[in-house]
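J.: Take a look at the following structure, please.
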């Protein structure tokens, strides 16, 4: 327990330093975290109902001068006081008091009601947004997402450890699920077994899970159905668990029975593209260059797929900067953690997917997903 508390303190200290540096270089007098991920990052506490009840806001007001304030529903107040490092915690009575009214009150107390404030405008609903600008007509609100992105993009050693451990568990759960797959099994039973394996191996929850088979592998994120796996079918995954708020994101492909020559050939092309993409992920390389390398591989090997990206950052969110896409010019630096993925999808026909966790290091990169090798197509 003492070691866990020490790691939590270290993570909170690191996050606080990252936010303060990002805020200091910004034009804002304060920023306000609203999304579950940024509220967790800023306060050190995961308010679970933020995700299931969008109107039950939890917010962190972080001024450039002075101490942060955490605003939560009174139902969550006791838990937040026991978990957060923030001492100034304010609670609103759900259905009786608007969280935005309490936010406006806090901003007035901090003399920020006429200031330039960074707000997560992409998360706040239109109803709450209208309420806010009516209550504080003299304040200027602008997007704060770039500030939080900058802070969270480089992970602490403790965050990297948690992500790596979650990735290991996710791979183990997936391999155990695949090795038991037989003809006649449905996608639903595959999904149930994969969920059970991941939870038994240590995940807190399974926020997303896609494990299509046969022609359904040609779709990116289909729900599990009663489709029965047949001999020669491909089965692929794109799924992950939550480990103390940090998510895993893993993709692997298998074939039931003996693979066809076409399946083996196509998969070999994906492996070649994937390896080239991994080798390009090094410090100083723009994120867009990783995408360029991947797309060049698809075109050279005539793989029938035009990827929108070659992967993304991973942390408290499944998709977070840096995106490995043509428009993202940020250079990779040590401490970034990426989910690099290579896939092909022909809707209603077939699909394959490989995805690995990669940490950018001072001298290159480290792949943290090697417990379920991808170099050859798994056949069971």
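J.: Over the stretch 157-379, what is the mean sequence separation of C-alpha contacts under 8 Å (at least six apart), divided by residue count, expressed as relative contact order in percent? Display every interim value, and only then the final one.
T.: Values: 520 pairs, mean separation 52.5, N = 223.
It rounds to 24 percent for the stretch 157-379.
J.: Based on alpha-carbon positions alone, could you give the equivalent ellipsoid semi-axes of the chain from the gyration tensor, as √(5λ), descending, whole Å?
T.: The three semi-axes for the chain are 41, 23, 19 Å.
J.: Something else now. Would you mind getting me the FRET efficiency between residue 127 and residue 149? Use the beta-carbon distance for r and R0 = 45 Å, nearest 0.05.
T.: On the way: r = 25 Å, r/R0 = 0.56.
Step by step, r from the Cβ atoms, then E = 0.95.
J.: When DSSP assigns beta bridges and you keep just the ones with both residues in the chain, what percent turn out antiparallel, to the nearest 5? Before the final figure, lay out the partial values.
T.: Details: 39 of 52 bridges.
Bridges in the chain that DSSP calls antiparallel: roughly 75 percent.
J.: What angle do you read, to the nearest 10 degrees and between 0 and 90, between the alpha-carbon axis of helix 287-300 and the longest principal axis of the chain?
T.: The angle comes out at about 20 degrees.
J.: Test of understanding: what is the full-extension gain from residue 20 to residue 77, defined as 0.36 nm times their sequence separation minus their Cα-Cα distance? Don't skip to the answer; put the middle values down first.
T.: Details: separation 57, 0.36 × 57 = 20.52 nm, distance 2.49 nm.
Answer, rounded to one decimal: 18.0 nm.
J.: Work out, in µm²/s and without decimals, the Stokes-Einstein translational diffusion coefficient of the stretch 157-379 at 10 °C, 1.306 mPa s, Rh from Kirkwood over C-alpha pairs. Show your work: numbers first, answer last.
T.: Working: Rh = 17.4 Å.
D, rounded to a whole number, is 91 µm²/s.
J.: How long are the semi-axes of the equivalent ellipsoid of the stretch 29-141, defined as square roots of 5 times the Cα gyration tensor eigenvalues? Whole Å, largest first.
T.: Numbers: eigenvalues 80, 51, 32 Å².
Equivalent ellipsoid of the stretch 29-141: 20, 16, 13 Å, largest first.
J.: Over the chain, what is the relative contact order in percent, taking alpha-carbon pairs closer than 8 angstrom and at least six residues apart? Could the numbers behind the result be given before it?
T.: Numbers: 794 pairs, mean separation 53.4, N = 380.
That works out to 14 percent.
J.: Continuing with this model, one more query. Need the C-alpha centroid separation for the stretch 119-170 versus the stretch 333-371, integer Å.
T.: Answer, in whole Å: 24.
J.: Give the order of 153, 135, 254 when sorted by the count of other beta carbons within 10 angstrom, beginning with the fewest. Working shown, then result.
T.: Details: 153 20, 135 17, 254 23.
Going from sparsest to densest Cβ surroundings: 135, 153, 254.
J.: Run the simple label-point estimate for residue 9 and residue 333 please: 7 Å along Cα→C-beta, distance reported in nm.
T.: 2.7
J.: If you don't mind, there's one more thing I want to ask. Over what distance in Å are the Cα centres of the stretch 38-80 and the stretch 226-249 separated?
T.: 32
J.: Which order results if 177, 342, 52, 195 are arranged by neighbouring Cβ count within 10 Å, fewest first?
T.: Taking fewest neighbouring Cβ atoms as first place, the list is 52, 195, 177, 342.
J.: Could you work out how far helix 157-179 tilts from the main Cα principal axis of the chain, as a 0 to 90 degree angle to the nearest 10?
T.: The angle comes out at about 40 degrees.
J.: Given the DSSP H assignment, sum -39500 (n - 2.57) over each helix run of at least 4 residues in the chain and divide by its residue total; what's the result at 222 nm in deg cm²/dmol, nearest 500? Working shown, then result.
T.: Values: 11 runs with 142 residues, N = 380.
Helices in the chain give a 222 nm mean residue ellipticity of -12000 deg cm²/dmol.
J.: Among 274, 221, what is the fewest-to-most ranking by other Cβ atoms within 10 Å? If you can, show how the numbers build up before the last one.
T.: Working: 274 22, 221 10.
Ascending number of Cβ neighbours within 10 Å: 221, 274.
J.: In degrees, nearest 10, range 0 to 90: what is the angle between the Cα axis of helix 187-200 and the longest Cα principal axis of the chain?
T.: 60
Rule-based calculations on the coordinates, nothing more; no lab input. Because the structure is predicted, anything quoted here is derived from the model rather than measured. Glycine gets a Cβ as well: all are built from the backbone with ideal geometry, and neighbour counts include every protein chain shown.
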